[in-house]
Structures are given as structure tokens and as C-alpha cells.
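Peer 1: This is the structure, below, for whatever I ask next.
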Amino acid sequence: MSKKDIKRIVVIFLCSIGMALNIKILVRAGGLYPGGATGLTILILRVMESFFSVELSYSLVNILINIFPVYIGFRFIGKKFTMYSCLVILLTGIFTDLIPAYVLTEDVLLISIFGGIINGFVVSMCLSVDATTGGTDFIGIYLSQKKGVDSFNLVLGINAVILCISGILFGWDKALYSIIFQYASTVALHTFFRMYQQDTLLIVTQQPEEVARAIYVASHHGATILEGEGAFGHSEKDIVYSVIASSQTRRVIQAIKEVDENVFINHLKTQEIIGRFYQPPKD
């Protein structure tokens, strides 16, 4: 087993404990419904307990819900990636069943904010070692990598259905607090994990070929070289245009500066790209 695999297992183990603690100490205490498979699992457990007086195992329900997403992972994303994700799902379920419930605070607003931040951080840590917490993550990665489709609306729709059902059955206050939880989780995820975000670099340089080559070596992304002219001195300028993953931006900029220390770089946040964009395949 390589050092990378050992690191992945350690991070997965810690993330599973963190996710389980978040569910038992914050999410359940606040009566919230996180997005995706976790939220659907909690909703099913509460429905069975409230209306049928049946207590089900969290891990059992969560595993059943993840059967189809796991199939998508094995079939279309990557077998090793999916195996590690299955380990996250299994360990999270086991820890959630074993860890006793504890009420840290009864302030639902605090639970919504900090529970969401913890959830987003845990998910981002899993993604950083090429694993996922399951559910809609599999579907989102599949649509983003294989189909070039923005999965945000689909995931939002699934979460909206879960919140509507929970609001109708158990009251709209907790459903609305769950929106705060999901928003905090999304903000935290975008802050800590930037693999699926893109940045645009506009680089004014006198060494365009070398700069373009440095970008490719550092990020595996290509570039376009444009001819320009300085407005003040009317000297010829070359502009290298490239779109790269946000997680690679610092490394790419450093590589460019090593090629041309007098380079001028305009770093822009990319809202949307249409067309082919290289994403490293999942193993």
C-alpha cells in the first residue's frame, strides 16, 4: 500500500468520524435535514420513527439509498475512487449508529451555521483525497466530468424536494433552518475545495511560448497566444490567455514568474465555461 493510499484512508477515517459527530450532536439536535443522501436518510428515519414507531439503522438506510449512486461511480467515474467513497459511507453509518446522541446547544440558528460549516469542511476533505460522502456527489461528479453539465440545478432540486416533504410533515421552521445549514455547507465547500472552480489568466509577456509551456506543465491546461500593442509606448505585446482549475492557480502563477519575472498577470474568476475543459480522471 502506497503512502498516498494510507493518507487517503486516514483522512477518510477522520472525515467519517467528523460527519457522524456532526449528525449526532448538531444535525439531529436541531432537527435539520442536510442535503443529498444524508438528508434523505434522516428524513426516512424520522418518518419511520414518528409515524410507524420503528427505529431503523442509519447505516442500513444510507447504504440502500447509495446503491444507485455507487453504481454510477463504478460504471462511469472510477473504481478506486468509488471504493474509497464506499468506505466513507460505511464508516460514517457505523459511527453514526455507535456514537451516542449529545445536545451541545439548543440554538437552532447556531446549529444551522456551524453544522453547515463542519459538513462543508468534511465533504471538501473527502474530495481532496479523491473520495466522496456519496449520494448526489456521485451524480454531480458524473455530470460535471463526463457530460459537461452543471449539476447545481439537479442537486438543488433534490434538496428542495427533501425540504418540502420535511416541511409538510414536521413543520416549516426546521425546513427553513435546513436551508441555512445547506447554504453554510455550500459556502464552506467552495472555500475549502476548488477543484471544480475555474480561473482565467490574462498574461502580458515577452516570452509567450515559454509561458504557455509552463502553464501546460504545471496544470495540463493549454493556452491561447494573442498579439497586442501597448497603448502608451505602442510596443508589441503578446497576451497568453488560459483557463485553469482554481486549485492550480498559485502553482501556475509561480511557474509563470519563474519563466518571466517581468510578466503582468490579470487573474479573473471564471463564472462559466462552455466547451472542453481538462479534468484529471478519477482512479
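Just so you know, all these numbers are worked out from the coordinates, no wet-lab data involved. Model, not experiment: these values are computed from the prediction. Please note: Cβ atoms are built from the backbone with ideal geometry, for glycine as well, and neighbour counts cover all protein chains shown.
Peer 1: Can you compute the radius of gyration and Dmax for segment 96-203, using only the Cα atoms, both in Å?
Peer 2: Reported Rg and Dmax, both Å: 16.0, 55.
Peer 1: Another one. Can you count the Lys pairs in the chain with C-alpha separation below 16 Å, eight or more apart or on different chains?
Peer 2: Value for the chain: 9.
Peer 1: Quick one: MET1, MET83, MET19, MET125, fewest Cβ neighbours within 10 Å first, how do they rank?
Peer 2: Ranking MET1, MET83, MET19, MET125 by Cβ neighbours within 10 Å, fewest first, gives MET1, MET83, MET125, MET19.
Peer 1: As a check on your grasp of the helix formula, calculate [θ] at 222 nm for the chain: sum -39500 (n - 2.57) over DSSP H runs of n ≥ 4, divide by the residue count, round to the nearest 500.
Peer 2: Counting only the DSSP helices, I get -19000 deg cm²/dmol.
Peer 1: To the nearest µm²/s, what D does Stokes-Einstein give for segment 3-192 at 10 °C and 1.306 mPa s, using the Kirkwood radius over alpha carbon pairs as Rh?
Peer 2: 96 µm²/s
Peer 1: To continue, here is another question. If I stretch the segment between SER2 and GLN197 completely, what's the gain in nm (0.36 nm per residue apart, minus their alpha carbon distance), one decimal?
Peer 2: This chain segment gains 67.3 nm when fully extended.
Peer 1: Another question about this same structure. Taking every alpha carbon pair in segment 18-105, what does the distance histogram look like in 10 angstrom bins from 0, in percent?
Peer 2: Taking all Cα pairs of segment 18-105, the binned fractions are 17, 47, 27, 8, 0 percent.
Peer 1: How large is the charge dipole for the chain, taken about the Cα centre, if only the Cβ atoms of Lys, Arg (+1) and Asp, Glu (-1) carry charge, to the nearest 20 debye?
Peer 2: 840 debye
Peer 1: Over 18 Å apart: what share of the alpha carbon pairs of segment 73-135 falls there, rounded to a whole percent?
Peer 2: Pairs farther apart than 18 Å: 50 percent.
Peer 1: Test of understanding: ordering ARG250, ARG8 by Cβ neighbours within 10 Å, fewest first, what list do you get?
Peer 2: By the 10 Å Cβ count, ascending, the order reads ARG250, ARG8.
Peer 1: Now a separate question. Would you give the gap between the C-alpha center of segment 1-77 and the C-alpha center of segment 94-108, rounded to a whole Å?
Peer 2: The distance from the Cα centre of segment 1-77 to that of segment 94-108 comes to 14 Å.
Peer 1: Which value, in debye to the nearest 20, gives the size of the charge dipole of segment 198-270 about its Cα centre, when Lys and Arg are +1 and Asp and Glu are -1 at the Cβ?
Peer 2: With only Lys, Arg, Asp and Glu charged at Cβ, the dipole is about 420 debye.
Peer 1: Please list 3J(HN,Hα) in residue order for segment 15-24, calculated via the Karplus relation 6.51 cos²θ - 1.76 cosθ + 1.60 where θ = phi - 60°; whole Hz, with x for glycine and proline.
Peer 2: In residue order, the calculated couplings are 5, 5, 5, x, 5, 5, 4, 4, 5, 6 Hz.
Peer 1: Turning to a different aspect of this structure: With θ taken as phi - 60° and the coefficients 6.51, -1.76 and 1.60, list the Karplus ³J(HN,Hα) couplings across segment 36-50 in order, rounded to whole Hz; mark glycine and proline as x.
Peer 2: x, 5, 5, x, 5, 4, 5, 4, 4, 4, 6, 4, 5, 6, 7
Peer 1: Counting just the Cα atoms, what span does segment 172-252 cover along each of its three principal axes? Round to the nearest Å and put the largest first.
Peer 2: For segment 172-252, the Cα spread along each principal axis is 64, 30, 16 Å.
Peer 1: Here is a further query. For ILE225, ILE12, which order do you get if you count the other beta carbons within 10 Å of each Cβ and list the fewest first?
Peer 2: So the residues, fewest neighbours to most, are ILE225, ILE12.
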